[in-house]
Structures are given as structure tokens and as C-alpha cells.
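Notes follow the structure.
The values are calculated or read from the model by the stated rules, or taken from the named source; none is laboratory data. What you are looking at is a predicted structure, and each value in this text was computed from that prediction instead of being measured. Note that each Cβ is placed from the backbone with ideal geometry, even for glycine, and that neighbours are counted across all protein chains shown. With ligands, DNA and RNA removed, areas are computed over all heavy atoms of the protein, side chains included. Shrake-Rupley method; radii C 1.70, N 1.55, O 1.52, S 1.80 Å.
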Amino acid sequence: MDPLGPLREICLALPEVTERLSHGEPAWFVRGRRTFVMFADHHHDDRVAFWCAAPPGAQEEMTGAEPDRFFRPPYVAHRGWLGVYLDVPVDWDEIRAIVREAYRAVAPVSLAARLQG
């Protein structure tokens, strides 16, 4: 299965999210300005993944616990962003939770408050 479709659906279901190309790959923005998820189809290696904003400490915790599923993405790792491989068995409920946390990390408080759970 092509993971772009489900990832796109998850991202676009969030309040005031738009999609456009950024550096040649699909990316999702809150209110058209703040990037929270970027698709990476063999962008810097031979893997399919996405990069996303993450809450403080999440990158270290997740990459340390499961380096076969999570990584430090180039260019944005220093900001705490998380890389998530999509060319491994994927739990889409977990991906949805990760994307929602990415959204919360960059969305204005008023928009983040609209998310339930």
C-alpha cells in the first residue's frame, strides 16, 4: 500500500490544515504557514518516511526505543523533530497519534484545543 494516501488523510482531517509541496515533497501546514509534517519518499536515502514536529523529549525516547521505526531526520532533528519510517509494518492508529502530537506542537493554542483526546 502507498502510505502517502493514509498519511494525507490523517493530516488533512486536522483543523485548518493545508497541503503543498515543500522541497519537492508533500508537506502539511497549519493555517498555511507552520509545517508540522513532511513526507519523505527516498528524499535523502532509500527509505519512505515522514518527518514531523514532536513534543520535547519524544525524539530521543522513540529513536532510542525503536531505531528500526524512528530516526532523527536531517535538517530538523536539532529542533526535536521525529522521523517515522513508513516502509515497515505500520500501525495507522499510532501514526494518527504521532501526527496529532505534531499538530499540537505547532498549532496555535486555540486550534490545538479543538482536538479531542
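Worth a mention:
- Residues of segment 102-116 that are more than 17 Å from residue 39 (Cβ to Cβ) and in contact (Cβ under 8 Å) with a residue 12 or more places away in the chain: 104, 105, 107, 108, 111, 114, 115.
- Scanning segment 48-55 for any residue that is over 15 Å from residue 3 (Cβ atoms) and surrounded by 14 or more Cβ atoms within 10 Å (Cβ to Cβ) turns up at least one such residue.
- Filter result for residue 54 (part of a strand (DSSP E or B) and under 11 Å from the mean Cα position of the chain (by Cα)): no
- Qualifying residue in segment 59-70 (condition: at pLDDT 95 or above, closer than 16 Å to residue 10 by Cα and surrounded by 18 or more Cβ atoms within 10 Å (Cβ to Cβ)): no
- Candidates in segment 15-37 are the residues that are of a type in the set (A, V, I, L, M, F, W, C) and open to solvent by less than 30 Å² (accessible area, probe 1.4 Å); of these, the one that is nearest to residue 83 (Cα to Cα) is 37.
- Segment 59-70, residues that are within 25 Å of residue 5 (Cβ to Cβ), out of contact with any helix residue (DSSP H, G or I) (no Cβ under 7 Å at 6 or more places or on another chain) and not in a loop (DSSP other than H, G, I, E, B): 62
- Among the residues making up segment 100-117, those that are exposed (fewer than 14 other Cβ atoms within 10 Å of the Cβ) and not small (Gly, Ala, Ser) are 108, 109, 114, 115, 116.
- Restricting 27, 49 to those that are touching an Asp or Glu at 6+ places or on another chain (Cβ under 8 Å) and free of Cβ contacts under 8 Å to residues at least 24 places away in the same chain reduces the list to 27.
- Here residue 12 fulfils each of the conditions (1) open to solvent by less than 30 Å² (accessible area, probe 1.4 Å); (2) touching a Ser or Thr at 6+ places or on another chain (Cβ under 9 Å) apart from (1).
- Scanning segment 71-99 for residues that are open to solvent by less than 60 Å² (accessible area, probe 1.4 Å), in contact (Cβ under 8 Å) with a residue 40 or more places away in the chain and not in a loop (DSSP other than H, G, I, E, B) gives 83, 92, 95, 98, 99.
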